[in-house]
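The values are calculated or read from the model by the stated rules, or taken from the named source; none is laboratory data. Only a predicted model underlies this, so the values are computations on that prediction, with no experimental measurement involved. With ideal geometry, Cβ positions are generated from the backbone for all residues, glycine too; neighbour counts draw on all protein chains shown. Remember, those area values only see protein heavy atoms, side chains included, never the ligands or the DNA or RNA. Shrake-Rupley method; radii C 1.70, N 1.55, O 1.52, S 1.80 Å.
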Amino acid sequence: MNPSRPICIVGTGYVGMASMIGLAELGWPVHGYDISPERVGRLQLGIPPYREPGIAEALRKHLDAGTMHFFDHLDAAARDAQIVVIAVGTPARDDGSADISALEAAFAELATVRFTTWPTIVIRSTVPPGTSDRLALFAKDWADVVFAPEFLREGSAVPDFLDPDRVVVGCETPSAAVGYVRLFEQLQRPVLFTTRCNAELIKCCSNAYLALKISFANEVANLCDAFDATADDVLRGIGYDQRIGAQFLRPGIGFGGPCFEKDVKSMAHVAREAGVGRELFAATLRVNDAQPKRIVDVLEAELGTLADTTIGVWGLAFKAGTDDIRDSLALRIVEDLGRRGARMLVYDPAVHVAPLPRDSRLVTSALEAATADALLVLTEWPEFALINPNLYAPSLARKIVVDGRNVLDPDRVASAGLTYRGVGRSLPAAFDRSLVASAV
């Protein structure tokens, strides 16, 4: 890998920007390309396309250092690159299949680039198995093709890039991927060389398994509600088992956002087309589809009816740490509330524009949103847990809080005279948790 040659990143969304900043942090010169001249213009001014801790500062640093440049013409961005990383979106179609048209368009445009050296094209977009092999055939006369999946989380994408659990590289021959792997040499992380198809399945099935764990946690939490048990304790006890692990065993409103749901849908579609079993994929989606409705049902049961009520909503982003509302389950819940006749006052510290039902609006503070009949928590922003319930209890007319993310302290909320409902957080009245604490 020639350190004087830039690495070209095609696509400046979450994965593309994290890749650019991560590679720049590792000392590599990077070129970013996007089809939107407006986005490129903002990036050249140091304005990031989304909210994430530290990204604006890192962008400005590398622009000032001259190691990062942005282009709206692919030939200018890519012609001197030895490695081109493609990180464009592959959203779900209505039938669940992945829409790879943006990826195909990127390859078609790369085929017209006047490369000054033989390039390696690295696909980081999530795609169905077999996609990279097909695109490798298309590019065989002008480039090597590698599939190297990303395992980045929104809200911490750059740290995840710089501290990966593993580097997975799918290629026809390891020699084709040596240059790409050397980019990460200083990280000293395990590298798995495998086929392109295997690497595609590693990515999709990793996301599908994490989504399965979330649906499992929600099924357990709903069962705990039925038996007045406490899902926090039950899932903690399960997660201590090292064979299982505690990560993603957190009940809530379900999984949303631009990755998990589309990837599970894609795998279910691929399995159906291949004529093999897809029961777990389908069940994961069914549980996730039902969970937002269950949250609204709980609120409606507490109020008696949602018609002509005002509901304060804390959170619209699909997760804390980001302003991303793509496929956010919070939005689906808000839509359901609107259909059932409720008006909403909505606050999210990162979201300033969002589609809301008629007579609902965004407000500028959490306490303003709580001037309502009831309060509904839909994103796990840590700042919500820090608000003293005594500050919003007087403004909640019906004294009801439904915590769809289990982010609030039930005891603090109840001590303010409010009715608290979490997800799987029913607690028998005779159980005094302070006695357990003192015994331990």
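A few remarks follow.
- Considering segment 120-162, and only residues there that are among the aliphatic types (A, V, I, L, M) and open to solvent by 20 Å² or more (accessible area, probe 1.4 Å), the residue that is farthest from G96 (Cα to Cα) turns out to be L162.
- Of all residues making up segment 217-240, the number that are more than 15 Å from R405 (Cα to Cα), open to solvent by 40 Å² or more (accessible area, probe 1.4 Å) and assigned to a helix (DSSP H, G or I): 7
- Of the residues screened, P53 is not one that is open to solvent by 10 Å² or more (accessible area, probe 1.4 Å), assigned to a loop (DSSP other than H, G, I, E, B), over 18 Å from P159 (Cβ atoms) and at pLDDT below 95.
- The set of residues in segment 272-318 being part of a loop (DSSP other than H, G, I, E, B) and either of a type in the set (A, V, I, L, M, F, W, C) or crowded, with 21+ Cβ neighbours inside 10 Å (or both) consists of V276, L306, A307, T309, G315, L316, A317, F318.
- In segment 173-180 there is no residue that is outside any strand (DSSP E or B) and either of a type in the set (D, E, K, R) or in contact with a Leu (Cβ under 9 Å, 6 or more places away or on another chain) (or both).
- Checking every residue in segment 44-58 against the condition of being free of Cβ contacts under 8 Å to residues at least 24 places away in the same chain and of a type outside the set (A, V, I, L, M) gives at least one match.
- Answer residue from segment 359-377, given it is open to solvent by less than 50 Å² (accessible area, probe 1.4 Å) and in contact with a Lys or Arg (Cβ under 7 Å, 6 or more places away or on another chain) and is nearest to L299 (Cα to Cα) among those: A374
- Flag for L103 being farther than 30 Å from R278 by Cα, open to solvent by less than 30 Å² (accessible area, probe 1.4 Å) and in contact (Cβ under 8 Å) with a residue 24 or more places away in the chain: no
- Residues (open to solvent by 20 Å² or more (accessible area, probe 1.4 Å) and in contact with an Asp or Glu (Cβ under 8 Å, 6 or more places away or on another chain)) located in segment 1-33: R5, Y14, V15
- P37 meets all of the listed conditions (1) in contact with an Asp or Glu (Cβ under 9 Å, 6 or more places away or on another chain); (2) buried (at least 16 other Cβ atoms within 10 Å of the Cβ); (3) without any contact (Cβ under 8 Å) to a residue 60 or more places away in the chain but one, namely (2).
- Qualifying residues in segment 241-271 (those that are open to solvent by 70 Å² or more (accessible area, probe 1.4 Å) and in contact (Cβ under 8 Å) with a residue 40 or more places away in the chain) - the one farthest from W381 (Cα to Cα): K265
- Qualifying residue in segment 72-90 (condition: more than 24 Å from V146 (Cβ to Cβ), open to solvent by less than 50 Å² (accessible area, probe 1.4 Å) and either without any contact (Cβ under 8 Å) to a residue 40 or more places away in the chain or outside any loop (DSSP other than H, G, I, E, B) (or both)): no
- Residue ID - most open to solvent (accessible area, probe 1.4 Å), chosen from residues in segment 163-172 that are in a strand (DSSP E or B) and in contact with a Lys or Arg (Cβ under 7 Å, 6 or more places away or on another chain): V167
- When segment 119-146 is filtered for residues that are in contact (Cβ under 8 Å) with a residue 60 or more places away in the chain, assigned to a helix (DSSP H, G or I) and among the aliphatic types (A, V, I, L, M), only A136 remains.
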